[in-house]
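In what follows, a single structure is set out as structure tokens and then discussed.
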Amino acid sequence: MRDLVEGKRRWSSPPKAEEAKQGFRGWNERGYLPHRDEPGLTQFVTFRLADSFPESLHSEWEHLWKIEDDLQRRTELEAYLDRGRGDCLLRRPEIAKLVEEAVRFFQGQRYELRAWVVMPNHVHTLFKVDTTPMAEILASWKKHTAQTANRLLKRRGEFWQADYWDTFMRDSGHELETRRYIESNPAKAGLVLDPKAWPWSSARFRDEHGVLKL
């Protein structure tokens, strides 16, 4: 993995000193996939609840992490998330609302939000990074919502799984495909028939031309 990341660093532009000071990491790895963290990239990020892969159901999902093809592994892991394992605390309207409000809070300031959906045990977001690094954005969302959700639910302990999955958009076609995937997720998971009927998604804010109206 480190060799792969080093290869990508060699052919891409080296990170600017100012970007590094801001916390951007350029091409990097967190032990399993190469990641690209730079200003101006549009990122598809998934983060999930701590119990979305329950240890009691280890035999259901253990083999998924061993799939060698990166795209196939992520596709099957996300399909497993759609099965709604764990306590699915994001089903609760007050918690889903909390998370959606956090994702939307710094829209137009720290990032440009392109799409999102809050599912029962995970969240998909699509946003264009400005001057705030992706890791900082995710840390802010997760810290605030975990503390508030635990207080509302009168619980303690880990709320979110520590890491997240991220993929930068290669071009406009890739972004459109990803946006449709995000907003159709509730219908694909059998939670609603019409994606616009899901109350915690950007789909309900799109006009007849597909333009997001926030």
Run down the aspartates and glutamates and flag those whose C-alpha is under 16 Å from the C-alpha of Lys196, throwing out any fewer than 8 positions away in its chain. Glu100, Glu183, Asp207, Glu208
Please report Rg over Rh for the stretch 34-205, where both radii come from the alpha carbon positions and Rh follows the Kirkwood definition. 0.94
Under-5 Å amide H pairs with Arg114, H placed in peptide plane, nonlocal only: Leu126, Phe127, Lys128
Sorted by chain and then number, the residues having a modelled amide H within less than 5 Å of the amide H of Val192, at least 5 places away or on another chain, are Ala187
Bin by bin, in steps of 5 Å, what percent of the Cα pairs in the stretch 59-99 do you find, going until the bin that has the longest distance? 5, 20, 22, 17, 14, 12, 9, 1
Among 151-163, 172-184, how do they line up from the highest to the lowest mean number of other beta-carbon atoms within 10 Å? 172-184, 151-163
Per residue of the stretch 131-142, what does 6.51 cos²θ - 1.76 cosθ + 1.60 with θ = phi - 60° give for ³J(HN,Hα)? Whole Hz please, x for Gly and Pro, Karplus curve as stated. 9, 9, x, 3, 4, 5, 4, 5, 4, 5, 4, 6
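Taking 0.36 nm per intervening residue step and subtracting the Cα-Cα distance, what contour gain separates Cys88 from Ala197 on full extension?
Working: separation 109, 0.36 × 109 = 39.24 nm, distance 1.93 nm.
Contour length minus Cα-Cα distance gives 37.3 nm.
Here, each number is a calculation from the coordinates, and none is a lab measurement. The structure displayed is predicted, hence computed values, not measured ones. Glycine also receives a Cβ, built like all others from the backbone with ideal geometry; neighbour counts cover every protein chain displayed.
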